[in-house]
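Data block below; observations after.
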Amino acid sequence: MNRLDLTDVVLKRLHITLLIVAVWAVMLPMGLVAWRYPLGGNGLLSILAGYAFILWYWPAGWLAILPSVLLAVDLTPWTGWLLCDEADMVLAITVAIGYSRLAWTPPIHRLTPVAAPLLLLFSAAFLVSLTRGLWPLPVPDFNALTDYTNSYNGLRIAKGTLWALLLLPLLRRTLAENHAQRYLLSGLLIALIGVSAVVFWERLTFTGLLDFSSDYRATGPFSAMHTGGAALDGSLALLTPFAILWLLQARQLNYAILAVIIVGLSVYAIMAIFSRGLYLGFGLSVAIISVSALPGRRDSRKPLWQSLLLLSLLCLTAGLLFQVFATGGYRTLAAILALLISALFVGSLSRALLPGGSYLAIGFVACLASQWLLWQWLAKGAYWAFGLAAMIWIAGILIFGSKHRPVGVILGMVGFAGMVVGTGLVAWHWGGKPALISTLPAMGLALGLVILNFRLRVWRWERSTVLGAGLAVMILGISIPVTGNYYMEQRFSQAEHDWETRLQHWRAVLFMMNADWATDLWGMGIGKFPATYFWRNPADEFPGNFQYETENNNTFLRISGARYPRGYGEPLRIGQRVAPRLYALYTLSLDARAPEKPAIVNIALCQKWLLYPFGCSGRSLKIENRDWQYFEITLNTLGFAGDVWGSRRTAQLILSNSTGGALLDVDNIQLNDPISGAELLANGNFSHGGDRWFFTSDRHHLPWHAKNLWLNILFDQGWIGVVLFGLLTLLGLGRAFLEFEHRDNSLALALLASLSGFLTVGLFNSLLDVPRLTLMYYLLLFTTLLEPFPLV
């Protein structure tokens, strides 16, 4: 080694050493943050230490763990911290341990020659916009952790992008390890399970799983939706395509069953939040995956007309099923879906396998006679008759795979015929003549499918047929009851009005921007939207705010009442999660004052997850004194709902100021159980600022979001940010498309569907103002920019 080479090695090692030192310089203060964390202490430190231990011995483990932490674990409603949370602590450990373990390992993956300079320019422009957003940076105080109108809000929003850039070197190295891509896929699937499970629990606990008539829209595990937005929508759009692709490619039965459960949960979550933008994004993702799986796409032996015919039949089926559900309800819909599945099996039988007519005739007569007896003798004989036929069909399927295949064929065909009759009985039993008439076309479609495939052989009874049909039935079976209910019909009927409202808001966003070249180029600055809206919105409304003020070494909460031109509107609410007993009385006491003019404080004890209160017990107190005054009231949980399958609704104590433009100060809040004397509130004297307190804007969301991803980038980062983000996104989508087209890379297809669905949701929502979601989007986008392209 000559002197020049030795110098290069020394400089490289010095550079890496300084980088590791810098990372740990950020990491060590994070330990102090963990100790100060409202839910911290030894327990949190132990969890973080355990995660660090795992990463040290399994450097690629962050690919499997981090997605769940980002998207399925959110403790902000319990802590009240907005600027820094548990995810930041996990990310700091990931970066610190990852850089220490992998900095000396040369990366196998590298950015493409086009992506590298683009990303460098994007990063530089982003830092310029961040500087504009942070300036002027005030001295840190309690409000830095909680206030969206504070300059520190820029750091809160920017951290998603900054963490993604810090993780990029780790992504380039860890994706090259054995099975690393599978770790990433596993992490995304676990995150999807977590997100969907929270939505499932939320619906089960607060509304019921099948009650789609109310305007309750689930928020899942995302505290970022406390001011509305579409964090849940964006996460489901990002994650669900990976589950669908895993289902379609499942080779083993246990994996297929697990994939069916995951997809079912996610489809239910998608449908149950009533988001039209998400429906569009999910539909696009499914279309991308479906087109890729068309029979004639790669196999010239299967003509394209078969693919088009299948798509046409699917559209026809969806239309007929909507008609069935409208008059026949859930039971008839379920019967028709089962009948269509059975038609796929019967229609795929070869003519050579068809048995003699005498055997079929005997089977038909026996089945129909049994169904007639069940129909006549039992109160719910229609269901028993259908169930009998379905069991015969299932028995045929099972026997078909054995050496007694002819018997399986007979039972399958007899069961199918019985299911046709049983479906008609179910429709008649549930909805009478109108339901039967509406169901007849769908029953005819099932028979038509059998005849069609006997003649044209469009499909065969194989794994891809079963999984594809199962996926279609699952999506239709969940989506039709949701989209066919009254509330969703009302949502779609209001689409034109909502579109006009959205256009008006977008014009207002552009109006509020400075009219100068610097703003055109670099934007107003990262995180400036809420503060700008507060002071410049053309509607001249003030949506309310709050601050933690200190006076004579005493910290208290100051709530500014919302002010609207029409004189009334949605107040800003400050709440804390509590755990009261059911059907009990509680004593609430507080000190309050009105420093400028009389104000009314509303106090309520409610069952509430994030946005929608239930069973509230509350009082309104008029505060007229400018000096501190003591108040005491009684609240109860008599209106609280009981447990549902062992699951109890979460509860909150909620404060709001309903006097427009008035200031209200509150302090020393206590919520006591008069029997046990237990105190339910933490930090009721606000000595730790906003710890454990969390604000929500339950129904007025426009002041907090630009409501369009591209417009949000324009506002924050200007045209330079829009162009660079657009180029990076187009490059990533293009590489994913070409990778799948040329190499049949399933990960590329999933990434293409995922990013496309996310961007579609972003047409109607900001999305990138949610740091966790921003980080996840960029990690997936960066994956598409690597070469060689990762494989699963």
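Of the residues making up region 533-568, those that are among the charged types (D, E, K, R), in contact (Cβ under 8 Å) with a residue 12 or more places away in the chain and part of a strand (DSSP E or B) number 3.
Against the criterion of being out of contact with any Leu (no Cβ under 7 Å at 6 or more places or on another chain), modelled with pLDDT of 85 or more and either farther than 30 Å from Q652 by Cβ or assigned to a helix (DSSP H, G or I) (or both), G328 does not qualify. Within region 49-60, no residue that is farther than 9 Å from I93 by Cβ and not assigned by TED's automatic domain parsing to the domain that holds L32 sits with its Cβ atom under 6 Å from a residue that is acidic (D, E) and in a helix (DSSP H, G or I) at 6+ positions apart or across chains.
Restricting L63, L48, L82, L39 to those that are of a type in the set (A, V, I, L, M), more than 21 Å from L189 (Cβ to Cβ) and under 21 Å from the mean Cα position of the chain (by Cα) reduces the list to L82.
Counting only residues that are in contact (Cβ under 8 Å) with a residue 60 or more places away in the chain and of a type outside the set (A, V, I, L, M, F, W, C), which one in region 107-130 is farthest from Y57 (Cα to Cα)? Full working, then the answer.
Applying the first criterion (in contact (Cβ under 8 Å) with a residue 60 or more places away in the chain) to region 107-130 yields 107-112, 114-115, 118-119, 121-122, 125-126, 128-130.
Imposing the further condition that a residue be of a type outside the set (A, V, I, L, M, F, W, C) reduces the set to 107, 109-110, 112, 129.
Details: P107: 19, H109: 21, R110: 24, T112: 30, S129: 38 Å.
If we take residues in region 107-130 being in contact (Cβ under 8 Å) with a residue 60 or more places away in the chain and of a type outside the set (A, V, I, L, M, F, W, C), then S129 is farthest from Y57 (Cα to Cα).
Filtered by the rule that a residue be loosely packed, with under 11 Cβ neighbours inside 10 Å and within 23 Å of L709 (Cβ to Cβ), region 493-502 gives A495, E496, H497, E500. What about A218, is it farther than 24 Å from H109 by Cβ, part of a helix (DSSP H, G or I) and touching a residue at least 24 places away in the same chain (Cβ under 8 Å)? No, not satisfied. Of all the criteria given as (1) within 14 Å of the chain's Cα centre (by Cα); (2) among the small types (G, A, S); (3) within 23 Å of S100 (Cα to Cα), the one not satisfied by A176 is (1). A count restricted to region 551-609 and to residues that are under 21 Å from N143 (Cβ atoms) and of a type in the set (S, T, Y) stands at 2.
Taken together, I633, I623, I654 contain a single residue that is without any contact (Cβ under 8 Å) to a residue 60 or more places away in the chain, β-branched (V, I, T) and closer than 24 Å to F542 by Cα, which is I623.
Yes/no matrix, rows are residues, columns are (1) within 30 Å of F614 (Cβ to Cβ); (2) surrounded by fewer than 22 Cβ atoms within 10 Å (Cβ to Cβ); (3) in the same structural domain as P169 (by TED's automatic domain parsing):
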position	(1), (2), (3)
A682	yes, yes, no
N712	no, no, yes
W719	no, yes, yes
L730	no, yes, yes
L733	no, yes, yes
H742	no, yes, yes
S746	no, yes, yes
A753	no, no, yes
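Taking the listed residues L337, L354, the one that is farther than 14 Å from I410 by Cα and either at pLDDT 80 or above or more than 30 Å from the chain's Cα centre (by Cα) (or both) is L337, with no other qualifying.
Inside region 665-680, residues that are in a loop (DSSP other than H, G, I, E, B), in contact (Cβ under 8 Å) with a residue 24 or more places away in the chain and surrounded by fewer than 20 Cβ atoms within 10 Å (Cβ to Cβ) make up a count of 3. Given the structure, is T774 surrounded by fewer than 24 Cβ atoms within 10 Å (Cβ to Cβ), of a type in the set (S, T, N, Q), touching a Ser or Thr at 6+ places or on another chain (Cβ under 8 Å) and in the same structural domain as Y148 (by TED's automatic domain parsing)? Criteria met by T774.
For every residue, the table says whether it meets (1) surrounded by fewer than 24 Cβ atoms within 10 Å (Cβ to Cβ); (2) out of contact with any Gly (no Cβ under 9 Å at 6 or more places or on another chain); (3) of a type outside the set (D, E); (4) farther than 30 Å from P571 by Cα.
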| residue | (1), (2), (3), (4) |
| --- | --- |
| P140 | yes, yes, yes, no |
| L162 | yes, yes, yes, yes |
| A176 | yes, yes, yes, yes |
| A191 | no, yes, yes, yes |
| A230 | no, no, yes, no |
| L236 | no, no, yes, no |
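Exactly one residue out of T146, T131 is among the hydroxyl-bearing types (S, T, Y) and crowded, with 21+ Cβ neighbours inside 10 Å: that is T146.
Scanning region 211-232 for residues that are under 13 Å from R699 (Cβ atoms) and among the aliphatic types (A, V, I, L, M) yields one hit, M225. Just to be sure, is S647 small (G, A, S), under 20 Å from P77 (Cα atoms), assigned by TED's automatic domain parsing to the domain that holds A562 and touching a Pro at 6+ places or on another chain (Cβ under 9 Å)? So S647 does not fit the description; no. For region 195-213, state whether one or more residues are at pLDDT 95 or above, of a type in the set (S, T, Y) and either over 24 Å from D233 (Cα atoms) or not in a helix (DSSP H, G or I) (or both). The answer is no; no qualifying residue exists.
The values are calculated or read from the model by the stated rules, or taken from the named source; none is laboratory data. Treat the numbers as computed from the prediction; the structure is a model and nothing was measured. Glycine also receives a Cβ, built like all others from the backbone with ideal geometry; neighbour counts cover every protein chain displayed.
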